[in-house]
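Colleague: I have a structure here, written as C-alpha cells, and I will follow up with some questions on it.
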Amino acid sequence: MTQHLAASATGTAAATSDRPGWWRDAVIYQVYPRSFADGNGDGMGDLPGIRRRLPYLAELGVDAVWLSPFYASPQADAGYDVADYRAIDPMFGDLHDADALIRDAHGLGLRVIVDLVPNHSSDQHEWFQRALSEGPGSPVRDRYHFRPGKGADGAEPPNDWESIFGGPAWTRTKNPDGTPGEWYLHLFAPEQPDFNWDHPAVRDEFRTVLRFWLDMGVDGFRIDVAHGMVKAPGLPDMGHGEQLKLLGSQVLPFFDQDGVHEIYRSWRQILEEYGGDRIGVAEAWTPSADRTALYLRPDELHQAFNFHYLNAPWESAELRRVIDESLDSMRPVGAATTWVLSNHDVVRHTTRLGGGLTRARAATLLMLALPGSAYVYQGEELGLPEVTDLPDDVRQDPSFFKSNGQDGLRDGCRVPIPWTTSGTSFGFGEGGSWLPQPEGWGALSVQAQTGDPGSTLELYRTALRLRREHADLGAGDAVEWLDAPEGVLAFRRGAFTCTVNTTGVPVALPASPGRVLLASGPYEGDGTDGIPAGTTVWWSV
Ligand code: NOJ
C-alpha cells in the first residue's frame, strides 16, 4: 500500500513518503502551470499560485505532482521551447518560488516531478543565438543540426522530414551578412531547433541540468520527446509524405532510434547517485508497447506514458487487449505500467471518449483499478470537458497556426480551471484568464463540487482514498479476468472486483461480484439486477 503521508483532511502536514518504489502505484497529478492558479493576478498561472493550492492536491490524495515547463522561455510552444534550463520564466516566478514550492510539496507528502525538454531548445537559447550570429563554420552550430540546402542555390530543405506541427522540419537561416544561409532542423516549431545529441557538449549540458534540479530537491523528471533525441546517421530521407501518420506504427529516422537508450543509461546513474528513489518518466511515442518497454529496462527510466491506452477506444474487447498488452510488455523489464486518459496535448477524455461525463467517470474508475501508476491531468477530477468553441484570435497553440486553422485541439484542454462558483476567472486569479473560460465553468468548480457526494471531485477523492487504503487496487502487475457478458469487463484485484459496463444499456451479471464499494454513477444493486449503462463498479468481494 502507498504509505502516502499527505496532509489529512484536518490539514496536518507530514513528511514525504520514502517508501522504496513509491512510483510503482503512484497517482501523479499533472499541473499545467499557465492554467492551474494565478498568484499575481496577471491572467497567467504561476508558481506562487500552485504553491497556495498544494493543500488541495494533498487532500485530493495524489502522491506526486508533475509540473509542465516553467523555465525561461519565449513561449512559442507554451514553455516547451526553453531558453534557459536553469531559470524560471518571470511569468511563473523565480527560483525562490520553485524552491518554496518543492519544500511545501514535500512538507505535504507530495513528490515533485519537473518537465525536462532535451530534444530541442528555444531559438532564443544562448547557444542557438550564437550559432546564428557566428555563421556557417561556427563550432556552436554542431550542437544543433545545421545543413546546407539542396538544389543549385541551396533553396530546398536538406531532407524531406516533416514537422510534427506541419510543414517542413527545416527552416532556412540568414547569414550574418543577410544572404540566405544554411537550414536547421526542428521536429516541432521553427522556434524549437533540435539539439544534436551526438555532440558531447549537449550530453554534458543535460547531465548538469539534471543535477541542478536534483540539487533543488526534485523527485524526478518527465522527459519530453524522450524518443526523439537521436537521429539516424546521415539524416536520411523518409521517401514519402504524410509522415505523421507513421508515428505510431514504425521506427522513424528521427523517432525511437536505438541510440537514445545510452542517454538514459547515463541519466539513470545520476538519479541513483542522488538516492531517494528519484525517477525518470519517458514521453515516448513508439510503435508498440514492447518498444516502449525498452526505455524502462532496469538501468534506464522508471516509467513511460501509456499512449497506447490513452488512444484506446471505449470498447471492451479493445480495452482488454490494450490492458493485457500493456501489462505483458512491462513484465520482462520489471517496470510498472502507467495509465493515462488526459493531458495537455489531447482532447479531454470527458469529450474524447464520446460519452460525456458518465463515460469519463467510468473510464477513470477503470484506470484507477488497474495495477500500476496513474496520471491525472488537472481539471479531470472536476470532469471538465474540452472547450471546443475558443475563438481563433485567442488560440496560442503553434500546431493551430502551422496547420492553417485546421487543427487547434490543444488550447481546448488548457483553459484555466475553475476554483470558485463565481468571481474573476472563477477563482483562477484576480486578473482574468489567458484563455477565456466558458460561462458555465463555475458550476464545475472545486467550490461547487466539494462536499457533493455525487460530484466528480468527490468521486476522485473517494477513489484515491480507497486506493491508498487498499493495496490491492494499485499493486501487482496483472489482472485476473473474469467471465462477463458481451460489452462488460470484469477483473479481480485481490479482495476487489471491478466491472465495467461499456455498453449503452443495463447489463445483468450472472452472479453477484460482492458488495458495492464505489460506482462511477448511481448504483446500489448486487450486479444481477443490471449494472447501469456506461458504469464502472468496484466491488468488495
Ligand atoms: C510534447 C509536449 O507534451 C508538447 O506539449 C510539446 O508541444 C511537444 N512535446 C514539443 O516539445
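Colleague: Scan region 234-252 for residues that are surrounded by 14 or more Cβ atoms within 10 Å (Cβ to Cβ) and at pLDDT below 95 and jot them down. Full working, then the answer.
Modeller: Going residue by residue through region 234-252, those that are surrounded by 14 or more Cβ atoms within 10 Å (Cβ to Cβ) are 235, 238, 243, 246-248, 251-252.
Scanning region 234-252 gives M238, Q243, L246, L247, G248, V251, L252.
Colleague: Let me ask you something else. Picking from L390, L370, which residue would you name as being part of a loop (DSSP other than H, G, I, E, B) and under 28 Å from W23 (Cα atoms)?
Modeller: Values: L390 fails: under 28 Å from W23 (Cα atoms).
Selected residue: L370, the only one of L390, L370 that is part of a loop (DSSP other than H, G, I, E, B) and under 28 Å from W23 (Cα atoms).
Colleague: Sort out which residues of region 91-107 are in contact with a strand residue (DSSP E or B) (Cβ under 8 Å, 6 or more places away or on another chain) and in a helix (DSSP H, G or I), and write them in order of number.
Modeller: Within region 91-107, the subset in contact with a strand residue (DSSP E or B) (Cβ under 8 Å, 6 or more places away or on another chain) is 94-95, 97-98, 101-102, 105-106.
Result: L95, D97, A98, L101, I102, A105, H106.
Residues checked against (1) hydrophobic (A, V, I, L, M, F, W, C); (2) closer than 18 Å to V209 by Cα:
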position	(1), (2)
V251	yes, no
I270	yes, yes
R278	no, yes
A293	yes, no
F307	yes, no
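Results for (1) in contact (Cβ under 8 Å) with a residue 12 or more places away in the chain; (2) within 27 Å of R203 (Cβ to Cβ); (3) not hydrophobic (A, V, I, L, M, F, W, C), shown as yes or no for each residue.
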{"position": "G61", "(1), (2), (3)": "yes, no, yes"}
{"position": "W66", "(1), (2), (3)": "yes, yes, no"}
{"position": "S73", "(1), (2), (3)": "yes, yes, yes"}
{"position": "D81", "(1), (2), (3)": "yes, yes, yes"}
{"position": "R86", "(1), (2), (3)": "yes, yes, yes"}
{"position": "I102", "(1), (2), (3)": "yes, yes, no"}
{"position": "L108", "(1), (2), (3)": "yes, no, no"}
{"position": "L116", "(1), (2), (3)": "yes, yes, no"}
{"position": "Q129", "(1), (2), (3)": "no, yes, yes"}
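Colleague: What do you reckon, is G135 more than 16 Å from the ligand (Cβ to nearest atom), open to solvent by less than 50 Å² (accessible area, probe 1.4 Å) and within 23 Å of the chain's Cα centre (by Cα)?
Modeller: Working: more than 16 Å from the ligand (Cβ to nearest atom): yes; open to solvent by less than 50 Å² (accessible area, probe 1.4 Å): yes; within 23 Å of the chain's Cα centre (by Cα): no.
Considered against the rule, which asks whether it is more than 16 Å from the ligand (Cβ to nearest atom), open to solvent by less than 50 Å² (accessible area, probe 1.4 Å) and within 23 Å of the chain's Cα centre (by Cα), G135 comes out as no.
Colleague: Name the residues in region 352-378 that are without any contact (Cβ under 8 Å) to a residue 60 or more places away in the chain and not hydrophobic (A, V, I, L, M, F, W, C), would you?
Modeller: The answer is R352, G354, G356.
Colleague: OK, next. Would you mind finding the one in R348, R359 that is among the basic types (K, R) and more than 16 Å from the ligand (Cβ to nearest atom)?
Modeller: Numbers: R348 fails: more than 16 Å from the ligand (Cβ to nearest atom).
When all the criteria are applied, what remains is R359.
Colleague: Show the residue pairs meeting these rules: Cβ distance below 6 Å; 6+ apart or different chains; first residue within region 191-212 and of a type in the set (S, T, N, Q); second residue open to solvent by 20 Å² or more (accessible area, probe 1.4 Å).
Modeller: N196/R143
Colleague: Which condition from (1) open to solvent by less than 10 Å² (accessible area, probe 1.4 Å); (2) within 16 Å of the ligand (Cβ to nearest atom); (3) within 19 Å of R265 (Cα to Cα) is the one that K231 breaks?
Modeller: (1)
Colleague: Mind listing whichever residues of region 174-198 are out of contact with any His (no Cβ under 7 Å at 6 or more places or on another chain), closer than 17 Å to G137 by Cβ and crowded, with 17+ Cβ neighbours inside 10 Å?
Modeller: G181, E182, W183
Colleague: Of all residues in region 113-132 being more than 17 Å from G220 (Cβ to Cβ) and within 16 Å of the ligand (Cβ to nearest atom), which is most open to solvent (accessible area, probe 1.4 Å)? Quick ask: steps written out before the conclusion?
Modeller: If we filter region 113-132 for residues that are more than 17 Å from G220 (Cβ to Cβ), which is where we start, we get 119-132.
With within 16 Å of the ligand (Cβ to nearest atom) added as a condition, the list becomes 119-125, 128.
Details: N119: 0, H120: 2, S121: 0, S122: 0, D123: 34, Q124: 94, H125: 14, F128: 2 Å².
Looking at the filtered set, the residue picked out is Q124.
Colleague: Out of region 80-101, which residues are open to solvent by 10 Å² or more (accessible area, probe 1.4 Å) and among the β-branched types (V, I, T)?
Modeller: Result: I88, single match.
Colleague: Moving to a separate point now. Considering only residues of region 485-541 that are touching a residue at least 40 places away in the same chain (Cβ under 8 Å) and at positive phi, which is surrounded by the fewest Cβ atoms within 10 Å (Cβ to Cβ)?
Modeller: Looking at residues that are touching a residue at least 40 places away in the same chain (Cβ under 8 Å) and at positive phi, I get G487.
Colleague: Mind telling me which of the residues V140, V209 ends up being closer than 27 Å to N343 by Cβ and either at pLDDT 95 or above or open to solvent by 60 Å² or more (accessible area, probe 1.4 Å) (or both)?
Modeller: On the way: V140 fails: closer than 27 Å to N343 by Cβ.
Only one candidate qualifies: V209.
Colleague: Any idea which residue in region 463-484 is modelled with the highest pLDDT, counting only those that are assigned to a helix (DSSP H, G or I) and open to solvent by 40 Å² or more (accessible area, probe 1.4 Å)?
Modeller: Our first condition is that a residue be assigned to a helix (DSSP H, G or I); within region 463-484, this holds for 463-469, 471-473.
In the following step, the residues that additionally are open to solvent by 40 Å² or more (accessible area, probe 1.4 Å) were identified as 465, 468-469, 472.
Working: R465: 96, R468: 91, E469: 91, D472: 79.
Selected residue: R465.
Colleague: Also, quick follow-up: Determine which member of the set F400, F426 is modelled with pLDDT under 95, open to solvent by 10 Å² or more (accessible area, probe 1.4 Å) and part of a helix (DSSP H, G or I). Before the answer, list the steps.
Modeller: On the way: F426 fails: modelled with pLDDT under 95.
Selected residue: F400, the only one of F400, F426 that is modelled with pLDDT under 95, open to solvent by 10 Å² or more (accessible area, probe 1.4 Å) and part of a helix (DSSP H, G or I).
Colleague: Quick check on region 103-112. Is at least one of its residues within 16 Å of the ligand (Cβ to nearest atom), open to solvent by less than 50 Å² (accessible area, probe 1.4 Å) and in contact with a Ser or Thr (Cβ under 7 Å, 6 or more places away or on another chain)?
Modeller: Pass one, region 103-112, residues within 16 Å of the ligand (Cβ to nearest atom): none.
No, that holds for no residue.
The values are calculated or read from the model by the stated rules, or taken from the named source; none is laboratory data. It should be emphasised that the depicted structure is a prediction, and the values quoted were computed from it without experimental measurement. Here Cβ is always computed from backbone atoms with ideal geometry, including for glycine, and neighbour counts include all displayed protein chains. Accessible surface is based on the protein model in full, side chains and every heavy atom, while ligands, DNA and RNA are left aside. Shrake-Rupley method; radii C 1.70, N 1.55, O 1.52, S 1.80 Å.
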